Amino acid sequence: MTDTPLTQSLEYARANQARLLEKFYEFLRIPSVSTDAAYQPDVHRAAEWLVAELERLGFDECAALPTDGHPVVYGEWLKAGDDQPTVIIYAHYDVQPPDPLALWQTPPFEPELRDGKLYARGAIDDKAGVWGNLIVFEALLQTTGALPFNVKVFFEGEEESGSPSMAPFITANRERLAADLLIISDGGCLPPTPEIIYSARGIISAEVTVTGPEHDFHSGLGGGVLHNPVHMVAKIIASFHDDNGHIRIPGAYDGSIPMTEAERQKFAATEDRTIQMIKQSLGDFRVWGEPGFGFMERSARTSLDVNGVYGGYQGDGVKTIIPAKAGFKVTMRLAPGQDPHDIARKLEAHVMGFACDTVDIAVKIGKQAGWGVLMLQDGPIIDALDRAYQAGWGQAIDFTRTGGSIPIMGMFQRELNLPITVMGFGSGALAHAPNEHLLLDYFQRNIDTAIHFYHALPQAISG
Ligand code: BES
Ligand code: MN
Ligand code: MN
């Protein structure tokens, strides 16, 4: 291999792997759980840790910018010059709660390497995206003294809690965030084939509470004469789908941009590998869902899931009561084109349609809301990313949608009208689950891929 800036950067990232891994451990040890207020100081500590790292790399304007929620870690490197493009690089430094703790083989915030797998909460989702980019910046800066384009780093601290304060933050920082492209470094391809994600679903959430008698009441006295709130909860939940999983809330699918026939076919062709991927973490599973739609298309359409339900006695043995209260949490995934506020109103109206004189029903729509997105699907940037994956992984990519959501994508798209693409570093398994782990070999391939991609980007954006 001839010695070029590109090969030097690749070489640097490999030569410094052990030291950079140690540093990654430091970051993984900070329990930056965004959903749980008890971890708030840790989220801030993680933000400050990242600000210090960006400063060490020579970025300017480094700061943990306050928001109504958790800080945004910002830093910029604009020394590529006015004639070069500017790219926002996004990742999130917050993580999911580690529960259930008992199921972890080693503690979630004490990273451990076993068989080439790095176990820790956030190891893939999405500290890999944050740290992977910092490695790439360091490799480029240390070998070439520069980055190939102007960079604005945006590390979010509340992605896993639905980005409740990001929309106003982006609106308030429009100028600062002006750019030619947004790269989302979240998620990560699984072996054997890298993939480029060109669409993600939107999301809304709600909590429904049903209250009946003022307190739990003897069911010998109350049975037959009091309306049981658990029954109402069951009735509402049962009304959400027909027997086949089609959502029965009027207007639930409104606004969905239909797939073209060409896409439907290409997308359907990724079914086998997606099923394989799910099997890697779930083992054999039984498929359910709307008839008339293939497995893949169902995973990209509107969906509704009750995420938790409570009410009444859960302990051992019998307890003869009419419970005072019951409720559930629900989220809907939205197809691109659907307005989260519109669908939230329709969900609320549907639930309130059960209102009656004998129990009280309340719906609280969550602040977490995000539009689904369609991102870059072809053109020079995607070609450059494809070539980068071929260089990094030695394989051609698959194109696909994810059923997951990154609420901020829609905010960026709608507020800043930026082209978006995804290049994640988190290749591994069990995101959001116990024993989340990063496959280090593939993490390294992603670093290689990003170095190739970033080298090729200026040309791809302006040419
Ligand atoms: N990284 C995921 C989303 C994702 C999944 C991106 C697969 C690319 C491929 C993200 O961190 C996530 O978990 N999002 C949440 C959002 C929610 C908490 C509002 C989700 O999809 O459940
Ligand atoms: Mn993520
Ligand atoms: Mn996540």
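The values are calculated or read from the model by the stated rules, or taken from the named source; none is laboratory data. For clarity, every value in this text was computed on a predicted model and none was experimentally measured. Every residue, glycine as well, gets a Cβ built from its backbone with ideal geometry; the counts of neighbours run over all protein chains shown. Ligands, DNA and RNA are excluded from the accessible area calculation, which covers all protein heavy atoms including side chains. Shrake-Rupley method; radii C 1.70, N 1.55, O 1.52, S 1.80 Å.
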Look through the range 211-224, keep the residues that are under 22 Å from Ala362 (Cα atoms) and not polar (S, T, N, Q), and return whichever of them is surrounded by the fewest Cβ atoms within 10 Å (Cβ to Cβ). Glu214
Going by what's in this entry, would Asp99 be described as part of a loop (DSSP other than H, G, I, E, B), surrounded by fewer than 23 Cβ atoms within 10 Å (Cβ to Cβ), within 16 Å of ligand 3 (Cβ to nearest atom) and assigned by TED's automatic domain parsing to the domain that holds Met423? yes
For the range 188-202, state whether one or more residues are in contact (Cβ under 8 Å) with a residue 12 or more places away in the chain, within 19 Å of Lys367 (Cβ to Cβ), surrounded by 17 or more Cβ atoms within 10 Å (Cβ to Cβ) and not aliphatic (A, V, I, L, M). yes
Extreme residue, farthest from ligand 1 (Cβ to nearest atom), among residues of the range 128-142 that are out of contact with any His (no Cβ under 9 Å at 6 or more places or on another chain) and not aliphatic (A, V, I, L, M): Gln142
Given the criterion charged (D, E, K, R) and in a loop (DSSP other than H, G, I, E, B), identify the matching residue among Asp316, Asp272, Asp305. Asp316
Could you give me the residue pairs with C-beta distances under 8 Å whose first residue belongs to the range 448-460 and is in contact (Cβ under 8 Å) with a residue 60 or more places away in the chain and aromatic (Phe, Trp, Tyr), whose second residue is open to solvent by less than 10 Å² (accessible area, probe 1.4 Å) and part of a helix (DSSP H, G or I) wherever it lies, and which are 6+ apart or on separate chains? Phe453/Ala384; Phe453/Leu385; Phe453/Ala388; Tyr454/Val136; Tyr454/Leu140
Return the residue satisfying two criteria in turn: it lies in the range 394-406 and is open to solvent by less than 30 Å² (accessible area, probe 1.4 Å) and either among the acidic types (Asp, Glu) or away from ligand 3 (no atom under 16 Å from the Cβ) (or both), and of such residues it is nearest to Ser163 (Cα to Cα). Arg401
Which pairs do you get when a residue that is part of a loop (DSSP other than H, G, I, E, B), found in the range 11-30, comes within reach of a residue that is open to solvent by 80 Å² or more (accessible area, probe 1.4 Å) and modelled with pLDDT of 95 or more, reach meaning Cβ atoms under 6 angstrom, with the pair 6+ apart or on two chains? Ile30/Arg45
In the range 319-336, residue nearest to the chain's Cα centre (by Cα) [restricted to those that are part of a strand (DSSP E or B) and over 21 Å from Gly410 (Cβ atoms)]: Lys329
If we only count strands (runs of 3 or more DSSP E) wholly inside the range 121-216, which ones have 2 or more residues that are modelled with pLDDT under 95, within 13 Å of ligand 3 (Cβ to nearest atom) and within 25 Å of Lys329 (Cα to Cα)? none
Being away from ligand 1 (no atom under 16 Å from the Cβ) and in contact (Cβ under 8 Å) with a residue 40 or more places away in the chain is the filter here, so list the residues in the range 143-168 that pass it. Thr143, Thr144, Ala146, Leu147, Pro148, Phe149, Asn150, Val151, Lys152, Val153, Pro168
What's the number of the condition Gln105 fails, among (1) in a helix (DSSP H, G or I); (2) open to solvent by 10 Å² or more (accessible area, probe 1.4 Å); (3) of a type in the set (S, T, N, Q); (4) touching a Phe, Trp or Tyr at 6+ places or on another chain (Cβ under 8 Å)? (1)
Quick test for you: out of Gly289, Gly251, Gly255, pick the one residue that is out of contact with any Gly (no Cβ under 9 Å at 6 or more places or on another chain) and either assigned to a helix (DSSP H, G or I) or assigned by TED's automatic domain parsing to the domain that holds Ala335 (or both). Gly251
Against the definition (touching a His at 6+ places or on another chain (Cβ under 6 Å), of a type outside the set (Val, Ile, Thr) and more than 16 Å from ligand 2 (Cβ to nearest atom)), how does Pro107 come out, yes or no? no
In the range 206-213, is there at least one residue being under 19 Å from the mean Cα position of the chain (by Cα), of a type in the set (Gly, Ala, Ser) and within 16 Å of ligand 2 (Cβ to nearest atom)? no
Residue under question is Asp82, and the condition is that it be within 16 Å of ligand 3 (Cβ to nearest atom), free of Cβ contacts under 8 Å to residues at least 12 places away in the same chain, surrounded by fewer than 20 Cβ atoms within 10 Å (Cβ to Cβ) and in a loop (DSSP other than H, G, I, E, B); does it hold? no
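To keep it simple, each residue is scored yes or no on (1) away from ligand 3 (no atom under 16 Å from the Cβ); (2) open to solvent by 30 Å² or more (accessible area, probe 1.4 Å); (3) not assigned by TED's automatic domain parsing to the domain that holds Asp180.
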residue: Ala326; (1), (2), (3): yes, no, yes
residue: Leu334; (1), (2), (3): yes, no, yes
residue: Val359; (1), (2), (3): yes, no, yes
residue: Arg387; (1), (2), (3): yes, yes, no
residue: Gly392; (1), (2), (3): yes, no, no
residue: Ile408; (1), (2), (3): no, no, no
residue: Asn417; (1), (2), (3): yes, yes, no
residue: Ala429; (1), (2), (3): no, no, no
If I go through the range 69-79 residue by residue, how many of them are within 23 Å of the chain's Cα centre (by Cα) and either open to solvent by 10 Å² or more (accessible area, probe 1.4 Å) or more than 20 Å from Gln368 (Cβ to Cβ) (or both)? 5
Of everything in the range 229-244 that's open to solvent by 20 Å² or more (accessible area, probe 1.4 Å) and in a loop (DSSP other than H, G, I, E, B), which residue is modelled with the lowest pLDDT? Asn244
